[in-house]
Amino acid sequence: MHDMLKPFFDGSYEPHGYCLLWNPGLIWTHVVSDLLIAAAYFSIPLALVSLIRRRKDLEFSWIFMLFAVFILACGMTHILSVWNLWHGDYGIEAVVKAITAAASIPTAIILWPLIPRLLALPSPSQLQTANENLAVMVAERDDALDRVREEAAQRQHAEDALVQAKKIEALGQLTGGIAHDFNNLLQAIAGNLELIAGRAGTPDPDKIARWSGNALQAVDRGRRLTGQLLTFSRSQRIEARVIDAAALVGAMDPLLRQSVGPAIDLRITADPGTCPVETDATQLELAVLNLAVNARDAMPDGGTVDIAVERGVAMVAIRVTDHGTGMTPDVAERALEPFFTTKGPGSGTGLGLSMAYGVAQAAGGDLVIDSMVGRGTTVTIHLPLTGQLPAANATATLSTVTSQPVPVPARKMILLVDDDEVVRTAIEDMLCNAGHQVTAVPGGEAALAAFKDREYDLVLLDFAMPGMNGAQLAGHLLEQRPTQRIVFVSGYSDSAAIDAALNGKAEILAKPVDSQLLLDTVAAA
Ligand code: ADP
Ligand code: MG
């Protein structure tokens, strides 16, 4: 076998040129053609490999590799054809041809089944169509987005309109509720005054005291009502100070007991000196009072109401718990809305909880309702705990007894300026009855004239007056006598304007003014 194959490799056979009779034309045609073919066959695999390396995502790249090997082998056979024109190494040529055959057969076989898969690849025109479809989809999506935006804008518009409608509805409720309540109060005041007027000739001090007491009580209720309303008005003068919530609630004990009535067993748990918070004391008292009244209203047959003031890590909680009717989920959801009430006209204004919520919010806290129908309700006001301890002991402003024994006041000279004759004469009479000397004038010009004539211990000023308003008049008076003590007797809603005009230094008594407070102020002048 070895002896048989040997001549194929040792060059013992004649070179191929012999077959061509060493005809130069034929030989060189073969040489040039074979070399050109070989050069082309060597360049094609290089091109394929560079393509594969640059297009990493090329599908079926292995078939390109196979093709490259096959073509490379073909190139080699042509080189050997040239060599064997002059040499007889047919064995080597046979080996190279065998390798070429080995590479060509699988390439040829594999290529056929691959054709459907290659056809399945998108053609450039298909890609173009797909791109166009995509562009159409994108445009449709953009249109849809525009429509969504338009719808959102319409919904916003509808929501705005709804809010507006709700405001109007609330306003209607408010006006109705207030008119009703005030009519009742006016009725009470007028009725009692008529009774007093009927008895003017006959001295009957007991009855007159009772009737005027009734009338004053009605005025007091009206004052409380406007106080609640004004919590919603920005012009309300809120005086946030650091106070002790526990002491404040503790001091409200008599007021709360009187408000909830004898059928309610009221239990107050508060440890004074432990709960400093920063808020308006009067507002917080009103809020607690509202919660207590709500608890009472929820228990028409009486029961226990617990009021607890607790100090937490960062918050103080004021909890008012009853075991009354509780609230359904829809009531609980709406309970904080201003003017929302389930109580009949005249008995509910719907301002209690919303006012308490407003107080909590203004102090950076919150109000939480926890209620179950038939089981009862806990309403909790959370207020942020402040670092400092209260500067002075918190005094309950609503519940302080106003008729404290005061020393007989010294006679004071007072200039009273108010354009409303009824108010002016009422205040003038009250001050004269207390022994003071009053010069009462209806406006700025008259006041300036009266001010030139003599000195006054105190000037009492209304704010809203035709011509010169109270703040302007105060400015003129202070120009003449910078140390003159001036107190405004004015509606709450003017306080912001007065503060603005007098740099917040003005002293203001809110109308309707409590007579004792007015006399105390005068006495202090
Ligand atoms: P008002 O007491 O004038 O109705 P509020 O704002 O104080 O107004 O309360 C709103 C509503 O919330 C009440 O009408 C009532 O339905 C409900 N509510 C408030 N507190 C309680 C409570 N403790 N138990 C049951 N329901 C309550
Ligand atoms: Mg209430």
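The values are calculated or read from the model by the stated rules, or taken from the named source; none is laboratory data. Just so it is clear, the structure is predicted and the values come from calculations on it, not from any experiment. Every residue, glycine among them, receives a Cβ derived from its backbone with ideal geometry; neighbour counts consider all protein chains shown. Remember, those area values only see protein heavy atoms, side chains included, never the ligands or the DNA or RNA. Shrake-Rupley method; radii C 1.70, N 1.55, O 1.52, S 1.80 Å.
List of remarks:
- The stretch 350-392, residues that are away from ligand 2 (no atom under 16 Å from the Cβ), at pLDDT below 95 and touching a Ser or Thr at 6+ places or on another chain (Cβ under 6 Å): Ala363
- Selection over the stretch 327-383 of residues that are more than 9 Å from ligand 1 (Cβ to nearest atom), β-branched (Val, Ile, Thr) and assigned to a helix (DSSP H, G or I) gives a count of 1.
- The stretch 284-315 - residue that is in contact (Cβ under 8 Å) with a residue 60 or more places away in the chain and part of a strand (DSSP E or B) and, of those, least open to solvent (accessible area, probe 1.4 Å): Val309
- Here the helices (runs of 4 or more DSSP H) wholly within the stretch 1-95 that include at least 3 residues being touching a Leu at 6+ places or on another chain (Cβ under 7 Å) are 24-54, 61-86.
- Residue check, Leu58 under 30 Å from Ser123 (Cβ atoms), open to solvent by 40 Å² or more (accessible area, probe 1.4 Å) and touching a Pro at 6+ places or on another chain (Cβ under 8 Å): no
- The set of residues in the stretch 259-318 that are within 13 Å of ligand 2 (Cβ to nearest atom) and more than 16 Å from Asp244 (Cα to Cα) comprises Ser259, Val260, Leu289, Asn290, Leu291, Ala292, Val293, Asn294, Ala295, Arg296, Asp297, Ala298.
- Within the stretch 407-434, being assigned to a loop (DSSP other than H, G, I, E, B), open to solvent by less than 30 Å² (accessible area, probe 1.4 Å) and under 19 Å from Glu455 (Cβ atoms) holds for one residue alone: Lys412.
- Matching residues in the stretch 435-483 - criterion: being small (Gly, Ala, Ser), within 16 Å of Asp418 (Cβ to Cβ) and assigned to a loop (DSSP other than H, G, I, E, B): Gly443, Ala464, Gly467
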